[in-house]
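Single-structure report; data block below.
The values are calculated or read from the model by the stated rules, or taken from the named source; none is laboratory data. Everything quoted here is computed from the prediction, not taken from an experiment. Every residue, glycine among them, receives a Cβ derived from its backbone with ideal geometry; neighbour counts consider all protein chains shown. Just so you know, the surface numbers come from the protein's heavy atoms only, side chains and all, with ligands and any DNA or RNA stripped out. Shrake-Rupley method; radii C 1.70, N 1.55, O 1.52, S 1.80 Å.
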Amino acid sequence: MAVELAQGELSPAMQAYFDKCLEKLGFVPNVLRAYAFDNTKLEAFAAFYNDLMLAPSGLSKLEREMIAVAVSSINRCFYCLTAHGAAVRQLSEDPALGELMVMNYRAADLSPRHIAMLDFAVKLTEQPATIVEADRERLRAAGFGDRDIWDIGAVASFFNMSNRMASAVDMRPNGEYHAQGR
């Protein structure tokens with residue numbers, strides 16, 4: 001990272017979270033290490049991320065990762081494209097899909113549902129003030145309910161914030177991500 005912030009004292013819950021990352025992934029993601037200078041910020045980030053990306057939703061984990069990658073592609077966020085591109089490769093069991101999503105989701109062979117979802121997330125990223133009811137109606141026509149629309153918007157919004165923070169501090173992905181799902 002371009003800024004040097006020493007890791008602060010982690011709460012027992014956050015230390016357990018880091019330990020779980022080591023156990024399941026073999027490493028602690030650098031995004032968590034970046035927030036670890038302030039346990040309160042780390043807890044808030046981790047709680048929000050886990051709620052958006054892992055909690056029950058009408059969106060699958062793969063769909064949420066696809067949103068993360070489409071938004072991060074628009075924002076050219078190296079960290080998130082690498083980390084969440086790896087997640088798309090793993091969850092889809094399709095390395096080519098992960099790479100296409102990173103470059104341009106429109107080049108991938110996606111369902112009309114996924115195209116509608118990603119078009120909405122990208123419009124929210126590029127031109128948030130232009131979102132209108134017709135955009136939400138396109139999602140409904142593709143089979144998304146109102147709670148799903150909320151979740152699409154929440155995931156896209158979270159990754160816009162995360163992309164900007166990663167760019168602000170030149171956050172770099174863990175090297176392990178590059179080999180995952182290939």
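Quick check, is residue 61 of a type in the set (D, E, K, R) and touching a Phe, Trp or Tyr at 6+ places or on another chain (Cβ under 7 Å)? Here the answer is no, as residue 61 does not meet what is asked. Looking across the range 92-107 at every residue that is closer than 9 Å to residue 181 by Cβ and not polar (S, T, N, Q), the one that is surrounded by the fewest Cβ atoms within 10 Å (Cβ to Cβ) is identified as 93. Inspection of the range 170-180 identifies no residue that is small (Gly, Ala, Ser) and modelled with pLDDT of 95 or more. Mind checking which pairs have a first residue in the range 93-115 that is acidic (Asp, Glu) and a second that is crowded, with 17+ Cβ neighbours inside 10 Å and assigned to a loop (DSSP other than H, G, I, E, B), Cβ under 8 Å, 6 or more apart or different chains? Filtered contacts from the range 93-115: 93/181. Each residue in the range 123-160 was checked for being farther than 19 Å from residue 81 by Cα and touching a residue at least 40 places away in the same chain (Cβ under 8 Å), and 5 of them qualify. Starting from residues that are of a type in the set (A, V, I, L, M), surrounded by fewer than 24 Cβ atoms within 10 Å (Cβ to Cβ) and under 9 Å from residue 155 (Cβ atoms), keep the ones in the range 53-78 and report whichever is farthest from the chain's Cα centre (by Cα). Ranking the qualifying residues of the range 53-78, first place goes to 59. The residue that is least open to solvent (accessible area, probe 1.4 Å), among those in the range 8-28 that are assigned to a loop (DSSP other than H, G, I, E, B) and modelled with pLDDT of 95 or more, is 28. The set of residues in the range 29-53 that are touching a residue at least 60 places away in the same chain (Cβ under 8 Å) and closer than 15 Å to residue 171 by Cα comprises 29, 30, 31, 34.
The one condition from (1) open to solvent by 60 Å² or more (accessible area, probe 1.4 Å); (2) within 20 Å of residue 1 (Cβ to Cβ) that residue 171 does not meet is (1).
Every residue in the range 76-94 that is of a type in the set (Lys, Arg) and under 14 Å from residue 108 (Cβ atoms), please. Across the range 76-94, the qualifying residue is only 89.
Right, residue 81: aliphatic (A, V, I, L, M), under 11 Å from the mean Cα position of the chain (by Cα) and surrounded by 19 or more Cβ atoms within 10 Å (Cβ to Cβ) or not? Yes, satisfied. The residues listed here are 6, 44; of these, the one that is of a type in the set (Gly, Ala, Ser) and touching a Phe, Trp or Tyr at 6+ places or on another chain (Cβ under 7 Å) is 6.
Residue-by-condition table, conditions (1) within 30 Å of residue 5 (Cα to Cα); (2) open to solvent by 70 Å² or more (accessible area, probe 1.4 Å):
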{"site": "118", "(1), (2)": "no, no"}
{"site": "141", "(1), (2)": "no, yes"}
{"site": "146", "(1), (2)": "no, yes"}
{"site": "152", "(1), (2)": "no, no"}
{"site": "157", "(1), (2)": "yes, no"}
{"site": "162", "(1), (2)": "yes, no"}
{"site": "166", "(1), (2)": "yes, no"}
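Can you spot a residue in the range 129-138 that is surrounded by 14 or more Cβ atoms within 10 Å (Cβ to Cβ) and either among the β-branched types (Val, Ile, Thr) or under 15 Å from the mean Cα position of the chain (by Cα) (or both)? No, that holds for no residue.
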